[in-house]
Structures are given as C-alpha cells and as structure tokens.
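For reference, the structure is listed below as structure tokens.
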Amino acid sequence: MEIAYFSSRFRQHLSCGMYISIVMKSESDWGDKIVSDHKSDEGKSSLGYHDVMRSIDDFFHQTYRRFQPPPLFSQSSIPVRTTDEGDAFIIQAELPGIDKQLIRLESLPHALVIRVLTEVSSENRIEKERYISVPFVYNESDIKASYQNGLLHITIQRKRQQISIE
C-alpha cells in the first residue's frame, strides 16, 4: 500500500509554497514498535495512520505559530475597495492605526502596489503589501493619494484622448 500525505495546515502557513510530504511504502515503515505498543484487545492497532499524521500536522502547526510575528491586520491582506467611475479609478484601503510615513505606493504597468512597513522590534520588520490591478494604462502624474483617519484614498485619472483620422 502506498500512501502520500501532505501536511495541509502547515502548507497553508507557508507563503513560499513549501510543504511537508511524508510517503510510506507500507505501515511497517513506521516500525513494529509503534504498531505493537498500541494494540487493543481485538489485536487491531488503536493508533492508526491518521492519528500519527494528525499528530505530525499538529506538531508542525504549533511549531510554526511560535515563529510567526503578530498579525498587522486581522485579514490576510490589506482590505481594499475599488470603484471604476469611468473617468477615474478609485482605490480605498483601510489602514487603521498606521502612521502615514510607513505607507509606500509603487506604480507598475497596469497595477498599483500598497506597502505598509512596521517595526515589531529593532531586529524584526513586517512588510504587508497589496497589488491592485488597474484596468487601463496610466502615468504617475495621473495618481492622487491622500490619507486621513486610517483610510488611504487613491484616485487614478483615466485620460481619454481623441485621435483624429486623416
């Protein structure tokens, strides 16, 4: 019997796509000690394969959580609302309690990046970022941004140009 198991909770916490993979050729790969020490009266193993996998999964989940910095936001990324008003593309990002100097905006072709830097300690820095797709080509001069009461308001003007036909 060949069984492949991926530690799903551990994989969820790693942003780089790494995961733990345990492959068993047969139950005897765990060793006779584990199977024989946990036999019930009927002679069946009371410590099944899934119990061992659950224990390994819980171990990695608890270990990884110890090294995880405290969350900057309660959600997985910066909460953002976008609105296309025809002549402008509006982006509103909720950044409560964040100092204006810690917010960075970066212009990319067809996207805008919002970055927030925080310093947990003198050795640790946390950077949260959110890529927002912009449905048209724009110049940096078309962008206006303001930050007030924890709300970052970004307006990207859509410049339509009439093309004359000869």
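Just so it is clear, none of the values below were taken in a lab; they were calculated from the coordinates. These numbers come from a predicted model, not from an experiment. Cβ coordinates were reconstructed from backbone atoms using ideal geometry, including for glycine residues, and neighbour counts include every protein chain displayed.
For this structure, a couple of remarks:
- Applying the set (1) over 13 Å from ILE78 (Cα atoms); (2) surrounded by 11 or more Cβ atoms within 10 Å (Cβ to Cβ) to ARG160 leaves exactly one unmet item: (2).
- For GLU127, the criteria (1) of a type outside the set (A, V, I, L, M, F, W, C); (2) loosely packed, with under 13 Cβ neighbours inside 10 Å; (3) over 14 Å from SER77 (Cβ atoms) hold in every case but one, which is (3).
- Within the range 127-137, tally of residues that are in a loop (DSSP other than H, G, I, E, B) and either among the hydrophobic types (A, V, I, L, M, F, W, C) or more than 16 Å from THR83 (Cα to Cα) (or both): 3
- From the list LEU117, LEU105, the lone residue that is touching a strand residue (DSSP E or B) at 6+ places or on another chain (Cβ under 9 Å), under 14 Å from VAL80 (Cβ atoms) and in a strand (DSSP E or B) is LEU105.
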